[in-house]
Amino acid sequence: MNDDFIPGGYWTPENARAAVARMTTQLAAPEMQAFMRDVAAGAAAGGDPAALAAAMAATEPSAQRETAAISAAACSYRRGRASDIPEFVRLIIAGELPPLFIDDFVEGFVVVEHEGTIVGCGGLEIYDRSGVIRSVVVDKRARGQHIGERMAELLMEEARSAGLTDVYLFTMHAHNFWLRFGFIDQSLDAWNAPARACWQYQFAAQYPAAMADVYPMWRRVDR
């Protein structure tokens with residue numbers, strides 16, 4: 001296993017502020033607010049999570065790729081690049097997660113590659129001294145080999161390197177995974193003020209009915 005993802009190699013305070021500013025501008029646009037309302041209505045009505053995720057990316061869910069088995073020992077880990085975004089979207093949709101605002105935070109992503117193919121990703125967004133972990137997904141063919149755990153470890157190391165005190169996330173299917181990783185359920189009204197700028201928090205606060213099956217979680221960043 002080769003780790004080229006160096007925690008602390010990107011998230012300076014300046015980069016974090018610039019990423020949040022870009023995201024905030026996009027989120028406030030009238031067309032994005034209308035889009036969020038449509039997504040919330042579909043989720044509250046019990047829409048299929050995979051179909052909703054695909055709709056967010058204006059694409060169709062892709063079929064499972066038929067390629068050779070994936071070995072964790074042959075995987076490498078590196079930092080995200082803009083050219084990775086289409087593959088991130090594919091993976092995130094397959095994980096029934098929202099493929100939004102990736103471009104604003106792409107260099108805060110861990111990328112898992114196997115023989116030149118991206119088989120996992122997960123990101124950290126930074127809001128002052130709080131972080132939000134997002135979009136941690138592993139290709140179905142690579143699950144059960146602790147790749148998700150390694151990405152989570154790298155993201156937490158990144159949070160420590162950036163001097164963060166708290167990390168938050170939202171999850172639906174991976175609640176038990178994050179409990180094992182030291183996260184606990186945390187109501188929205190207990191989130192630190194800077195983290196509330198996160199696009200996922202903003203959506204959850206505006207449309208709670210659409211988040212009925214989603215767990216907000218938190219853990220302190222250990223020193």
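Bear in mind that the values in this text are calculations on the coordinates, not laboratory data. In this text, all values refer to a predicted model and were calculated from it rather than measured experimentally. Cβ sites come from the backbone with ideal geometry, for glycine too, and all protein chains shown count toward neighbours.
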**OP:** Return a yes/no flag: does the range 23-32 have any residue that is under 23 Å from PHE105 (Cβ atoms), touching a helix residue (DSSP H, G or I) at 6+ places or on another chain (Cβ under 9 Å), in a helix (DSSP H, G or I) and free of Cβ contacts under 8 Å to residues at least 40 places away in the same chain.
**Re:** yes
**OP:** Only helices (runs of 4 or more DSSP H) wholly contained in the range 88-199 count here; list those with 3 or more residues that are within 17 Å of ASN15 (Cβ to Cβ).
**Re:** 102-105, 147-161
Original post:
Within the range 216-223, can one find any residue that is over 14 Å from the mean Cα position of the chain (by Cα) and part of a helix (DSSP H, G or I)?
Top reply: no
**OP:** Can you confirm whether the range 117-140 contains a residue that is under 14 Å from the mean Cα position of the chain (by Cα) and more than 26 Å from ILE6 (Cβ to Cβ)?
**Re:** no
**OP:** Only residues that are small (Gly, Ala, Ser) and touching a helix residue (DSSP H, G or I) at 6+ places or on another chain (Cβ under 6 Å): list them for the range 83-139, please.
**Re:** GLY120, GLY122, GLY123, SER130, GLY131, SER135
Original post:
Pairs, please: C-beta under 8 Å, at least 6 apart or cross-chain, first residue closer than 13 Å to PRO86 by Cα and in contact (Cβ under 8 Å) with a residue 60 or more places away in the chain and in the range 100-112, second surrounded by 24 or more Cβ atoms within 10 Å (Cβ to Cβ) and of a type outside the set (Gly, Ala, Ser)?
Top reply: VAL111/CYS121
